[in-house]
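Read-outs throughout are calculated quantities, based only on the coordinates presented, and are distinct from any laboratory measurement. None of the values given here were measured: they were computed from a predicted structure. When we count neighbours, we look across all protein chains shown, and the Cβ atoms used for this are built from the backbone with ideal geometry, even at glycine.
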Amino acid sequence: MNIIDLLGKKSVSVDLVSETKDDVLAELVDLLVSSGSIKQADKTGILKKLKEREILGSTGIGKGVAIPHAKCPKIKKMTATFGVAKSGVDFSSLDGETTNILFLLIAPGETPGPHLKALAKISRMLDDKFVRDRLRSAKNVQEILDIIKSEEQKKPV
């Protein structure tokens, strides 16, 4: 499974405008709706699952990165969205820094293995400062997708 296969051009943003954690989660889920990855009718339930997950502990892993994720029974296949919030969002990250790279992952409720594998791949990719810097400075969606694709080809798992 490749992370790039979970993303589409319509589910990536180089300029998220939200300023709060809840708003940025909603903005990312809206990208999934507009891309056709999830149904509008499932949006509220997905946001609820994401917020429940955040209550357990922030998915802001530090270094300006957050990987919000949830398992949702109504979702038939894993999907993801990616966004850059240039002004940063307070995501209650482990290091206390604002978050500007957000990679949201939604998985079917009954498949923890692929979900955990995808989280690990995303986390490893975003642990690289060079990758984070390139993603932050990307000018358009295609550039983001190209960066992710090239990084996956370098470090297959």
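Select from V17, V141, L116 the residue farthest towards the positive end of the dipole of the range 3-150; place +1 on Cβ of Lys and Arg, -1 on Cβ of Asp and Glu, and compute about the Cα centre. In the range 3-150, that residue is L116. Taking every C-alpha pair closer than 8 Å and separated by at least 6 residues, the mean separation divided by the residue count of the range 1-51 gives a relative contact order of 34 percent.
Hey, what did the chain get for relative contact order, percent, Cα under 8 Å, at least 6 apart?
27 percent
Helical content of the chain, expressed as a calculated mean residue ellipticity at 222 nm, amounts to -13500 deg cm²/dmol (DSSP H runs of 4 or more residues, -39,500 (n - 2.57) each, divided by residue number, nearest 500).
Each residue of the range 93-105 was assigned a 3J(HN,Hα) from its phi angle through the Karplus curve 6.51 cos²θ - 1.76 cosθ + 1.60 (θ = phi - 60°); the sequence is 5, 4, 8, x, 7, 6, 10, 10, 10, 10, 10, 9, 10 Hz, with glycine and proline shown as x.
Among the listed pairs K43/K129; K76/K139; K9/K74; K76/K129, a Cα-Cα separation exceeding 28 Å is found for K43/K129; K76/K139; K76/K129.
In the elastic network of the chain, a GNM with C-alpha springs shorter than 10 Å, the most mobile of K139, K51, K71 is K139.
Full extension of the chain segment joining E97 with S150 gains 16.3 nm, where the gain is 0.36 nm per residue of separation less the Cα-Cα distance.
If the only charges are +1 at each Lys and Arg Cβ and -1 at each Asp and Glu Cβ, what is the size of the charge dipole of the range 3-150 around the Cα centre, to the nearest 20 debye?
Numbers: 24 positive and 19 negative charges, 114 e Å.
Its charge dipole is roughly 540 debye.
Extension gain for A41-D90 works out to 14.9 nm (0.36 nm per residue, less the C-alpha to C-alpha distance).
For the range 4-123, the extents of the C-alpha atoms along the principal axes are 34, 26, 25 Å, listed from largest to smallest.
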